[in-house]
Amino acid sequence: MESNVDFNVENNSETSRCPLAPVLNPQLSKLSGSNLGDTSVRKATTTVDYSLGKRSKIMLLKVIGLVFVGLAILGVVLPILPTTPFLLVAAACFAKSSPAMQKRLLANKTFGPLIHDWQKYRSIPRKAKRIALLTMVLSVCWSAFMLKSLVLTALVIALVTGPFIFLWRLPLSK
């Protein structure tokens, strides 16, 4: 027989139903008593400090954003690495963690308009789209030439097909 014991857990004045509360917090299981057939709703109050978790999330997003900016800088020098997707990921990370860093990216005269168009209209310039699609096709051809294995070549094609279709369908910026 299934028990219908639910817990209402109050965190910072927000109440949410949590049927797994006894599993997640063993102290709450003491509140349910030994009668598993009891269908009454029990109330347990817990206090959770999210400030440390929020600060660590912000710091992690800043670090990830900086790593992607570094990869984008490498992408400017190395023809194999794309620059634009790395900058878009960095801008998304900075939007959640550091508005000042996001403003610096948007103020860049080369990449700022590209990032702005992506964030506002979800579009990319014709030249960037052509370069990205051509790079993908050339990468698949080079991989097929170097791998010389039909299975691995099919795997590369399968992995590139989704991003290729995504880029193909993107609208062009004005």
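The values are calculated or read from the model by the stated rules, or taken from the named source; none is laboratory data. These numbers were taken from a predicted model, which means no experiment stands behind them. Cβ sites come from the backbone with ideal geometry, for glycine too, and all protein chains shown count toward neighbours.
Tabulated results
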read-out	value
Any pair with Cβ under 8 angstrom, 6 or more apart, that starts in the stretch 143-169 at a residue that is in contact (Cβ under 8 Å) with a residue 12 or more places away in the chain and within 26 Å of residue 118 (Cβ to Cβ) and ends at one that is of a type in the set (Gly, Ala, Ser) and part of a helix (DSSP H, G or I)	160/139; 167/132
Odd one out for residue 101 among (1) aliphatic (A, V, I, L, M); (2) under 19 Å from residue 82 (Cβ atoms); (3) touching a Phe, Trp or Tyr at 6+ places or on another chain (Cβ under 6 Å)	(2)
In the stretch 102-114, the residues that are buried (at least 19 other Cβ atoms within 10 Å of the Cβ) and assigned to a helix (DSSP H, G or I)	102, 105, 114
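Quick grid of which residues meet (1) modelled with pLDDT of 50 or more; (2) touching a Cys at 6+ places or on another chain (Cβ under 8 Å); (3) surrounded by 14 or more Cβ atoms within 10 Å (Cβ to Cβ):
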{"position": "5", "(1), (2), (3)": "no, no, yes"}
{"position": "16", "(1), (2), (3)": "no, no, no"}
{"position": "24", "(1), (2), (3)": "no, yes, no"}
{"position": "42", "(1), (2), (3)": "no, no, yes"}
{"position": "49", "(1), (2), (3)": "no, no, no"}
{"position": "59", "(1), (2), (3)": "yes, no, no"}
{"position": "80", "(1), (2), (3)": "yes, no, no"}
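One line per residue, one yes/no per condition, for (1) closer than 15 Å to residue 85 by Cα; (2) surrounded by 13 or more Cβ atoms within 10 Å (Cβ to Cβ); (3) touching an Asp or Glu at 6+ places or on another chain (Cβ under 9 Å):
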| position | (1), (2), (3) |
| --- | --- |
| 122 | yes, no, no |
| 125 | yes, yes, yes |
| 132 | yes, yes, no |
| 135 | yes, yes, no |
| 142 | no, no, no |
| 154 | no, no, no |
| 160 | yes, yes, no |
| 169 | no, no, no |
